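Notes for the one structure printed next.
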Amino acid sequence: FYIGNEEDAAEKIDPAALGLLEEEYEKFKDVDSRSLLKKYLTQEIFDSVKRRVTSKGATLHDCIKSGLANPDSHIGLYAPDAESYSMFHELFDPVIDEYHGGFGPDDSHPATDFGDPSHLGDLNELGNYVLSTRVRCARSVEGFPFNPLLTSDQYAELEQDVGYTLGTLEDDLAGNYRSLDEIGPEEQEELLQKHLLFKQGDRFLEAAGASRFWPEGRGIFLNENSTLVVWVNEEDHLRIISMQEGGNMGEVYDRFVRAVTALGEKLPFSSSGHLGFLSFCPTNLGTAIRASVHIRLPLLGSDRQKLEDTAAKYNLQVRGTSGEHSEAEDYVFDISNRRRLGISEIEALQEMYDGVMEIIRLERSLEEGGTESRKGPSQ
Ligand code: ADP
Ligand code: ARG
């Protein structure tokens, strides 16, 4: 990894590119944004990193252009290649530290520890609150940059390598990989409705330059009963997903661990001692795991801010029914672990499991409680 040396890098940046970056930053100063980019890209940090370029050609502008174009971003920056995390560390470090709830520049991510999936039980033991359970992780393949720097040939090569490896999965994990262009629009819509397929045209990814050559190289793998899903070349080289209806986290996580382990034996996943598994977005480092439930909370969910505050107490994040940047429909929320870095896989799972159980207990106590909550929300 490059250790910041501004003089070296100063020779690399194209003067026109630097001019544009400076102009955009000036404009951004007047933009109202609650993103972590806005919070941490101070003039001092900007000046210290603005001339640097990674060996694959990524500039500061490439890292921040999604956040500049989308002031409503929560984070606002991406790493076009793994080297960007160290090359622009003055900016990435505080963002990573805040998002993952305390992870310093000298900290090391712990070794992989999946724990014993059978120790996780069923989240619906107190009642049928959870509609479905999902565990996913992001993985990148060594030797390839992240999305914005992939060439058309690299997309094809990655798709072929990953598609071939997916074809080696066995037993309940076995299934089929299909390129996006082999799936008709109606079937794509159906898969999207079932929460199996990624959405298209994400403005955050588009602005980051992560949708080039779409739909080339993109596709989806499904096992026979659609409980194991792998997204190829969407936001990351791989998104490995285990999901099923109901709240049986033990089963979902067990399938997840077996799939990730089998794929990791055949594909060289990018990782570093400091940041664990490496991926395009600083939120998806370390374990890169997001374990979520779709949970119906008519009482707790009638006050979104209260739900957010409660979730935050347990290091949980609240999303809408169709994922990130969506709204909740019929009080169905997506609740997941927020931290993915600096804790082991099983710790991430346990944190989510315990927090969701607390949320369920709270919803139940509101059901049993005073007249206020008994009335429920007005529709
Ligand atoms: P991710 O980064 O985890 O893929 P998104 O927020 O983009 O996150 O969600 C991707 C898709 O997964 C969306 O369709 C979302 O509704 C779906 N999803 C997330 N969690 C669950 C769950 N527990 N059950 C069913 N679908 C889910
Ligand atoms: N860039 C977007 C934002 O800052 C998404 C961040 C996290 N989500 C993701 N899919 N990587 O809001």
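Values quoted throughout were computed directly from the atomic coordinates according to the rules given, and no laboratory measurement underlies them. None of the values given here were measured: they were computed from a predicted structure. Ideal geometry is used to build each Cβ from the backbone, glycine not excepted, and the neighbour counts take in all protein chains shown.
In segment 287-376, the inverse of the mean reciprocal separation of distinct Cα atoms equals 13.4 Å; this is its Kirkwood hydrodynamic radius. Each Lys and Arg adds +1 at its Cβ and each Asp and Glu adds -1 at its Cβ; summed about the Cα centre, segment 236-369 shows a dipole of about 440 debye.
Looking at the chain as a GNM with Cα springs under 10 Å, which of I343, I45, I220 has the largest mean-square fluctuation? Judging by the Gaussian network model, the answer is I45.
Building the convex hull from the alpha-carbon atoms of segment 250-339 and averaging its projection over directions returns 7.3 nm².
Segment A111..T151, full-extension length gain: 11.2 nm, with 0.36 nm per residue of separation and the alpha-carbon distance subtracted. As a ratio to 2.2 N^0.38 Å, the alpha-carbon radius of gyration computed for segment 149-258 takes the value 1.08. Extension gain for D303 to Q43 (0.36 nm times residue separation, less C-alpha to C-alpha distance): 89.8 nm. Using 0.36 nm per residue and subtracting the Cα-Cα separation, the extra length available between E24 and S322 on full extension is 104.1 nm. Here, P(r) means the percent of Cα pairs in each 5 Å bin from 0 to the largest distance; for segment 33-145 it is 2, 9, 15, 17, 17, 12, 9, 8, 6, 3, 1, 0. Cross-link partners of K56 among lysines, defined as those whose alpha carbon lies under 16 angstrom from its own and excluding same-chain residues fewer than eight positions apart: K12. Taking packing as the residue-averaged number of other Cβ atoms within 10 angstrom, the listed peptides 52-64, 199-211 run from highest to lowest as 52-64, 199-211. Across the cross-link table entries K39/K194; K50/K306; K27/K194; K194/K313, which are compared at the Cα atoms, the separations over 32 Å belong to K39/K194; K50/K306; K27/K194. Within a straight-line Cα-Cα reach of under 24 Å, K199 can be paired with the following lysines, leaving aside sequence neighbours fewer than 8 residues apart in one chain: K65.
Taking every alpha-carbon pair in segment 71-114 and binning the separations at 5 Å intervals from zero gives 5, 18, 25, 26, 16, 7, 2, 1 percent.
If the Kirkwood radius is taken over C-alpha pairs of the chain, then at 4 °C and 1.567 mPa s the Stokes-Einstein diffusion coefficient equals 60 µm²/s.
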